[in-house]
Amino acid sequence: PYFEELRGFRDLEIKIKQTFDLERVIITPGDSDTDPWVKDELGKRAVSFLQSQLNNKQTVAVTGGTSMAAVAKMMAPTDLGKGSMFVPARGGLGERVENQANTICAEMANKMKGDYRLLYVPDPLSEETYHSIIEEPGVKETLHIIKQANIVMHGIGDAFTMAKRRKAEKNVLEKLESGKAVSEAFGYYFDQNGRIVHKVRTVGMQLEDLSHIKTVVAIAGGHSKAKAIQSYFRQGKSNVLITDEGAATALIKDL
Ligand code: BG6
């Protein structure tokens, strides 16, 4: 039965890989919506994937969120990250400190003996501040490194769950509603066809930058995220998906 389970996931992985035109799909058993430990397993799978990619001096950009926090948490100390640089993908997006990209990035770098740079920018960022802050030397340096990222790891969220968690203003919520937002990643909100409905104003990586990056890994599980995962991959900028059985089964059912 154990081998059958593995084989079953292999079929599921191939199906999802073909449907969303991905290079790699990794599925872990269980559903992180119902069993919180599954998120840790998801984190473990993401750690092994990252470590398999870390040959000489990489720049790794990470987002925030509870799934990415699980990746950092599940990382055992190693020196595989020696010579590598860890950066947050974008500036603050309204998350609690333990779920912020800066926090996760520093924890990962420390555990892997890598180096890191952080982004300290107000959150949310006003139009005027945006233009002056990108000229600050410290910010400029980090932004320059972010542009050189060769590995990106990010979460995918349900649009309204994320907007509420980030305490989005009423006008933003209205915009998301009228635009029928379904998913969110990196502070971008997408509708079911993967079209951008709204974008949080902050510095760092922009969606179009992802096209030049070799390895873009999405980490998202739980059956409740299936529609969001589907919506995000409609615009197809990530090439690896690490998910759980709960989300994977729901994804296939929805097709
Ligand atoms: C955010 C990422 O920090 O985490 C988003 O920037 C993502 O890309 C979100 O939508 C997902 O959060 P979680 O807690 O569901 O992993």
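Here the contact order of the chain, divided by its residue count and restricted to Cα pairs under 8 Å and six or more residues apart, works out to 24 percent. Which residue, chosen from Gly179, Gln100, Asn110, occupies the Cα position most advanced towards the positive end of the dipole of the chain, where the dipole is computed from +1 (Lys, Arg) and -1 (Asp, Glu) charges on Cβ about the Cα centre? The Cα lying farthest towards the positive end belongs to Asn110.
Counting beta carbons within 10 Å around each of Ser238, Ser224, Ser32, Ser211 and listing the fewest first gives the order Ser211, Ser224, Ser238, Ser32.
From the P(r) of the stretch 107-147, can you give the percent of Cα pairs sitting at distances over 15 Å? Counting pairs separated by more than 15 Å, the tail of P(r) holds 50 percent.
Binning every alpha carbon pair distance of the stretch 90-182 at 5 Å from zero, what are the percents per bin? Per 5 Å bin, starting at zero, the Cα-Cα P(r) for the stretch 90-182 comes out as 2, 11, 18, 20, 19, 16, 9, 3, 1, 0 percent. Mean projected area of the Cα convex hull of the stretch 54-93, taken over all directions, amounts to 3.1 nm².
Given their separation in residues at 0.36 nm each and the Cα-Cα distance between them, Asp11 and His131 gain 38.3 nm when the chain is fully extended. Under 5 Å from the amide H of Val197 lie the amide H atoms of Tyr189, Phe190, Asp191, each residue being 5 or more positions distant or on a separate chain, with H modelled from the backbone and absent for Pro and chain starts.
Under a 5 Å amide H cut-off, with hydrogens placed 1.01 Å from N, Thr28 pairs with Thr243, Asp244, Glu245 among residues at least 5 apart or on other chains. Packing, as the average of other Cβ atoms within 10 Å across residues, places the peptides 78-90, 162-174 in the order 78-90, 162-174, highest first. Rounded if a/c is under 1.5, else prolate if a/b is larger than b/c, else oblate: which is the stretch 1-91, with a ≥ b ≥ c the root eigenvalues of its Cα gyration tensor? The shape class here is prolate. State, to one decimal in nm, how far the label point of Leu207 lies from the label point of Lys170, with both points 7 Å from Cα in the Cβ direction. If labels sit at Leu207 and Lys170, their model points lie 2.7 nm apart. Mind scanning Lys82/Lys140; Lys44/Lys175; Lys44/Lys140; Lys170/Lys214; Lys57/Lys175; Lys82/Lys214 and naming the pairs with a C-alpha gap bigger than 31 Å? Table pairs above 31 Å Cα-Cα are Lys44/Lys175; Lys44/Lys140; Lys170/Lys214; Lys57/Lys175. Packing-based ranking of 127-134, 108-115 yields 108-115, 127-134, ordered from highest to lowest mean Cβ neighbour count within 10 Å. The per residue volume of the convex hull around the alpha-carbon atoms of the chain is 118 Å³.
Under a 5 Å amide H cut-off, with hydrogens placed 1.01 Å from N, Ile213 pairs with nothing among residues at least 5 apart or on other chains. Counting only residues at least eight positions apart within a chain, or on another chain, the aspartates and glutamates with an alpha carbon under 12 Å from that of Lys113 are Asp79. Considering all different alpha carbon pairs of the stretch 136-188, the Kirkwood hydrodynamic radius works out to 13.1 Å.
Sorting 70-76, 216-222, 23-29 by average packing, meaning the other beta carbons within 10 Å per residue, from highest down gives 216-222, 70-76, 23-29. Charges were assigned to the Cβ only: +1 to each Lys and Arg, -1 to each Asp and Glu. The resulting dipole of the stretch 107-255 about its Cα centre is roughly 340 debye. Radius of gyration over Kirkwood radius for the stretch 121-255, both on Cα atoms: the Rg/Rh ratio is 0.99. Taking other C-beta atoms within 10 angstrom as a stand-in for reagent exposure, His144, His223 fall in the order His144, His223, fewest first. Using θ = phi - 60° in the Karplus curve 6.51 cos²θ - 1.76 cosθ + 1.60, the 3J(HN,Hα) couplings for the stretch 10-25 round to 4, 4, 4, 4, 5, 4, 5, 4, 5, 4, 9, 6, 9, 8, 8, 10 Hz; x is entered for Gly and Pro. Within the straight-line cut-off of under 12 Å between alpha carbons, the aspartates and glutamates reachable from Lys147 are Glu208, Asp209, sequence neighbours fewer than 8 places apart in one chain being disregarded. Sequentially through the stretch 221-226, phi angles give Karplus couplings (6.51, -1.76, 1.60; θ = phi - 60°) of x, x, 4, 5, 9, 4 Hz, Gly and Pro residues having no value and appearing as x.
Readers should treat all values here as calculations from the given coordinates under stated rules, not as data from a laboratory. As the structure is a prediction and not an experimental result, all values here were calculated from the model. Heads up, the Cβs are rebuilt from the backbone with ideal geometry, glycines too, and the neighbour counts pull from every protein chain shown.
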